[in-house]
Amino acid sequence: MKAKIAAAVTLILTLIFVTVNTFVLDFMIGEIKREVDALDTSARELENAEAIYEKFSAYEAYVSITVSHEDLTNIELSFSELIGYLSVGDSDGAAVVKRRLSDALGHLLRLSSVNIDAII
């Protein structure tokens, strides 16, 4: 009987942790994605892009617990590339990288939520 109770408690705790983690990741990644999508690709947005990257870096310690390292590396590289383009004033290059970064964040958002993509 104790084994059944322990199994039920373990199952319930696992479901609670997965649910909380899903909502926290959805909030964190969604917030970063919204800020990236709202970012203008002109040179005057360099400070905003750096602030968004700092926020992402602060969230990264938690996000990295349950998210693929490769996905996080792609996002970091895209942030670096975006900041580089903005620092030299190349708005066309920044627009391309911003789109790639937004897509990578959207992919991460899909994978961190509860759906068939996340399960597979």
### Task
May I ask you to derive the FRET efficiency for residue 14 and residue 103 from their Cβ-Cβ distance with R0 = 30 Å, giving the value to the nearest 0.05?
0.45
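Excluding ligands, DNA and RNA, what is the solvent-accessible area per residue of the chain at a probe of 1.4 Å, expressed in Å²? Show your work: numbers first, answer last.
Values: 7480 Å² over 120 residues.
I get 62 Å² per residue for this part.
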### Solvent-accessible area, 1.4 Å probe, carbon plus sulfur percent, for the chain
63 percent
### Query
With every protein chain kept in the model, how would you rank 1, 28 by accessible area, 1.4 Å probe, largest at the top?
1, 28
#### Entry: Accessible area of residue 85 in the full protein assembly, 1.4 Å probe (Å², nearest 10)
70 Å²
### Task
Report the label-to-label distance for residue 21 and residue 34 in nanometres (one decimal), using points 7 Å from each Cα along the Cα→Cβ vector.
2.4 nm
### Message
Tell me the mean residue ellipticity at 222 nm calculated for the chain from its helices only (DSSP H runs of n ≥ 4, each -39500 (n - 2.57), averaged over every residue, nearest 500).
### Response
-29000 deg cm²/dmol
### Query
Which value in nm describes the separation of the simple spin-label points at residue 87 and residue 50, placed 7 Å from the Cα toward the beta carbon?
0.9 nm
### Potential lengthening between residue 60 and residue 113 on full extension [0.36 nm per residue; Cα-Cα distance subtracted]
17.4 nm
### Message
7 Å from Cα along Cα→Cβ at both residue 76 and residue 4: what's the point-to-point distance in nm?
### Response
4.9 nm
### Message
Please report the accessible area of residue 14 (heavy atoms, 1.4 Å probe, ligands and nucleic acids excluded) in Å², nearest 10.
### Response
70 Å²
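The values are calculated or read from the model by the stated rules, or taken from the named source; none is laboratory data. Remember, it's a predicted structure, so these values are computed and weren't measured experimentally. Cβ coordinates were reconstructed from backbone atoms using ideal geometry, including for glycine residues, and neighbour counts include every protein chain displayed. These accessible areas exclude ligands, DNA and RNA; they are computed on the full protein's heavy atoms, side chains included. Shrake-Rupley method; radii C 1.70, N 1.55, O 1.52, S 1.80 Å.
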